[in-house]
1. Counting residues that are touching a helix residue (DSSP H, G or I) at 6+ places or on another chain (Cβ under 9 Å) and in contact (Cβ under 8 Å) with a residue 24 or more places away in the chain, which strands (runs of 3 or more DSSP E) fully inside segment A:71-141 reach at least 1?
2. Search segment A:336-347 for residues being closer than 19 Å to B:A255 by Cβ and in a loop (DSSP other than H, G, I, E, B), and hand back the single one that is farthest from the chain's Cα centre (by Cα).
3. For segment B:138-162: of the residues being polar (S, T, N, Q) and within 17 Å of B:S192 (Cα to Cα), which is surrounded by the most Cβ atoms within 10 Å (Cβ to Cβ)?
4. Would you pick out the residues in segment A:376-406 that are under 27 Å from A:V284 (Cβ atoms), more than 20 Å from the chain's Cα centre (by Cα) and part of a loop (DSSP other than H, G, I, E, B)?
5. Here is a list of conditions, (1) in contact with a Lys or Arg (Cβ under 8 Å, 6 or more places away or on another chain); (2) assigned to a strand (DSSP E or B), and A:V183 meets all of them except one; can you say which number that is?
6. Quick one: B:M235 ticks every box in (1) open to solvent by less than 10 Å² (accessible area, probe 1.4 Å); (2) out of contact with any Leu (no Cβ under 6 Å at 6 or more places or on another chain); (3) of a type in the set (A, V, I, L, M, F, W, C) except a single one, so which number is it?
7. Looking at A:E152, A:E209 in this structure, which one is in a loop (DSSP other than H, G, I, E, B) and touching a residue at least 60 places away in the same chain (Cβ under 8 Å)?
8. Quick test of your reading of the structure: B:G224 fulfils all but one of (1) crowded, with 24+ Cβ neighbours inside 10 Å; (2) at pLDDT below 95. Name the failing condition by number.
Amino acid sequence: MTRCNYACQTADHVVSRRSFLGAAAAGFAGLVGGFGSPAAARELSRSGKRVFTIFLHGGVSQLETWDPKPGTDTGGPFRAIPTSVPGIHISELLPHTARQMHRLALVRGLNTADDDHGRGAIIMQTGRKPEPGIEYPHLGAVAAKLLGTGKEDLPGHIQIHPGGGGGFNKQDAAFLGPRYAAVVVGDGKPPADLYRPAGLSTEADRQREALRQKLNARFAQTRRTAMTEAYTESYDQAAKVIARGDVFSIEKEDPKLADRYGRHDFGRHLLLARRLLEQGVTFVNVQHTNYDTHHENFDFHIEQLGEFDQPFATFVADLADRGMLESTLIVVMSEFGRTPKINHLYGRDHWSKSWSVALGGCGLKAGAVIGKSNANGTAVTDREVNGGHLFHTYLRAVGQDPTKNFYPNDRPIPIADPKASAITELLA
Amino acid sequence: MAIPTVDPKQTRVGVELKHPRPLIGCRFDPSGRFLFVSAEDSTLQRFDLLTGRKTAFTGHESWVRGIAFSPPAAAAGPACLVPPVAELSALPALGLSAAPPFTLVTGDYHGRLIWWDGAAIAPKPARNVAAHDGWVRAVATSPDGKTVASCGNDHLVKLWSVTDGKPQSVLEGHACHVYNVAFHPGGGRLVSCDLKGIVKDWDLSTSKVVRELDAKILHKYDTGFRADIGGARGMTFSADGSTLACTGITNVSNAFAGVGNPLVVLFDWKDGKAKQLKPKEAYQGTGWGVAFHPAGFVVAAGGAANGRIWFWTGEDNIHKVDVPVSARDMALHPSGTALAIAGHAGNAIVYTMLPGSEKAPAKK
């Protein structure tokens with residue numbers, strides 16, 4: 001795989017040109033900079049697979065979600081409830097999700113061995129422990145690179161964050177380059193400047209674009225470079241995105257379906273995620289915050305999982321109804337779990353030694369439970385895995401070979417941690 | 001009942017009662033002979049302050065926070081005026097035949113209420129009722145002892161017959177979890193306080209809200225963590241019904257670490273005007289229990305890394321007592337001579353407030 005980083009700089013420069021043009025095309029060029037570059041396209045596969053992750057910020061409690069231990073010294077006050085898979089019980093805080101368990105799988109033997117928020121997040125998002133001297137690309141960037149065709153109208157790596165803001169998370173792509181970096185959609189709102197400003201007429205916009213093209217062409221006659229080509233390409237891609245701007249319009253959805261997702265932020269964000277995936281975005285992440293419950297863990301999990309449960313269950317069912325579940329990998333992750341021991345503030349602290357994730361779709365064995373923790377959840381007793389195993393599994397699920405290499409600067413770097421391997425019991 | 005002679009500034013540990021699991025709630029029975037505590041093992045434990053005997057009440061399958069008695073007060077006054085202190089272990093076993101009968105009603109986080117014979121030698125659930133969808137957060141008995149009120153995460157307040165456990169009425173109106181409930185001593189009114197600090201004053205003859213009192217200072221939506229924290233963790237009326245007290249946490253800067261300050265909000269029952277009782281020192285934590293002492297002062301307790309007990313005369317925080325564990329609840333002995341806290345380390349500490357003792361005051 002050859003290195004191709006000229007478009008990396010394109011994004012920054014195109015964004016800076018917003019101050020010159022100030023219009024929608026230029027604005028969104030920043031969001032799609034580098035996508036679909038011919039050189040990159042040659043390297044990309046055409047799998048048709050997608051990846052969707054939910055990141056539960058702060059560290060969701062495995063005991064209040066996927067691995068309840070009622071009646072033990074660590075179990076807390078909640079029940080375990082049966083699910084649509086006989087024999088599998090999850091927390092009573094997830095009644096809607098319980099009815100979708102036949103479409104999901106659980107990994108209950110996760111030991112990521114790091115209780116720090118930042119490092120835990122990196123382990124879960126890159127499948128590797130942080131190492132000095134190198135940063136590895138996050139799952140979203142890897143998925144965008146390996147699963148995209150390079151010809152998509154929309155960015156391949158989108159994160160939907162609560163709250164406002166937006167832009168790029170360039171560091172997510174590491175050596176893969178900013179073209180695979182996360183495009184952050186703050187609060188599920190369309191990117192700023194997506195649409196033509198109300199005060200700018202169609203004709204004025206056309207004339208302005210014509211001027212831009214004329215200047216661009218004149219410049220290219222004498223000083224054509226890969227970089228100028230990338231600039232031009234970015235504008236072309238921006239135009240495509242603008243043409244697809246309605247993908248962000250969740251109000252076009254059936255109101256009854258929108259009700260089932262929930263009219264609150266997280267419900268809206270999941271509905272937008274489904275629209276983006278449906279329109280071909282390769283990787284979408286939705287973040288839900290916050291679960292860092294050192295204090296009153298149980299009250300806060302009622303509130304947060306009360307918001308999570310129905311939208312997530314609706315999302316899973318919606319994907320299944322649309323025939324998208326076979327091609328979409330779903331993962332619900334955090335940076336770690338929470339201590340089995342309940343502290344003096346009714347809180348749970350950080351705990352990476354024994355926790356769980358839920359995943360499904362893309363041919364993963366539905367209804368499977370891999371790994372086991374001990375009676376009160378303090379240690380893994382069967383099929384211990386770490387973030388590397390999960391990363392391998394994700395890529396295998398979407399039809400990729402995680403043992404291959406990337407070649408930044410012509411240096412081979414394994415796509416996934418070579419010390420780990422896929423959880424094959426989970427793969428169909 | 002005669003007003004006991006106590007000195008808050010001489011508050012000191014009387015006896016420390018142990019359970020192997022962290023405690024959640026505590027209440028003295030109406031006679032003052034027993035201290036009931038609830039624990040994270042979903043049991044209640046009854047400590048007999050005369051004999052030292054500890055008896056488990058098993059039947060709940062989740063944590064118990066609501067503990068109430070009928071009758072709410074002993075007709076003849078407290079049978080045990082002063083919890084035994086140093087003499088406890090030296091007392092001969094008296095047996096339980098002398099214990100006056102009373103009904104105990106407890107509520108758990110699976111939404112169930114259980115009725116018990118509180119004085120039974122081998123207690124068993126007498127009635128187990130599915131009361132709420134979600135947690136029961138508090139229970140209270142009416143002044144005549146005939147009705148028990150419960151409240152919970154289904155946003156409801158419910159009234160039940162103490163005698164037969166039958167539902168009497170449902171009070172609808174809260175829009176979030178209801179954290180506490182208390183009957184006015186006059187008997188015709190009941191108050192309930194929710195997560196957002198809205199206190200509803202219900203007329204029990206109509207089951208309608210008469211007014212709302214504003215304890216919103218005990219609530220915050222933490223925008224950083226995107227979650228609510230609040231509620232009256234302790235709530236009680238003064239004996240004459242002239243004042244309502246609510247306690248909880250305020251000034252929250254980090255809900256998920258419990259960074260905030262305990263606060264007592266006092267409402268003048270006539271005009272609904274509020275005033276605040278604050279610890280003099282910069283203590284971080286949550287107020288979990290509050291009581292009006294018959295001698296005229298207000299006492300509250302709370303917890304964080306360690307616990308603390310505060311005393312106010314008027315709005316003046318006259319004294320504080322350090323508690324070596326996080327205090328998750330507080331109960332005032334019916335004699336007024338002692339109070340107890342439920343500690344996170346499994347210890348129920350009974351403090352005596354009687355003046356003059358061979359023991360040194362608790363560490364300030």
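The values are calculated or read from the model by the stated rules, or taken from the named source; none is laboratory data. Since the structure is predicted, the reported quantities are computational estimates derived from the model, not experimental observations. For neighbour counting, all protein chains shown are included, and Cβ atoms are generated from backbone atoms with ideal geometry for every residue, glycine included. What goes into the accessible areas is simple: the full protein's heavy atoms, side chains included, and nothing from ligands, DNA or RNA. Shrake-Rupley method; radii C 1.70, N 1.55, O 1.52, S 1.80 Å.
1. Qualifying strands (runs of 3 or more DSSP E): A:89-91, A:104-110.
2. A:H344
3. B:S150
4. Of everything in segment A:376-406, those that are under 27 Å from A:V284 (Cβ atoms), more than 20 Å from the chain's Cα centre (by Cα) and part of a loop (DSSP other than H, G, I, E, B) turn out to be A:T403, A:K404.
5. It fails just one condition, (1).
6. Unmet condition: (1).
7. A:E152
8. (1)
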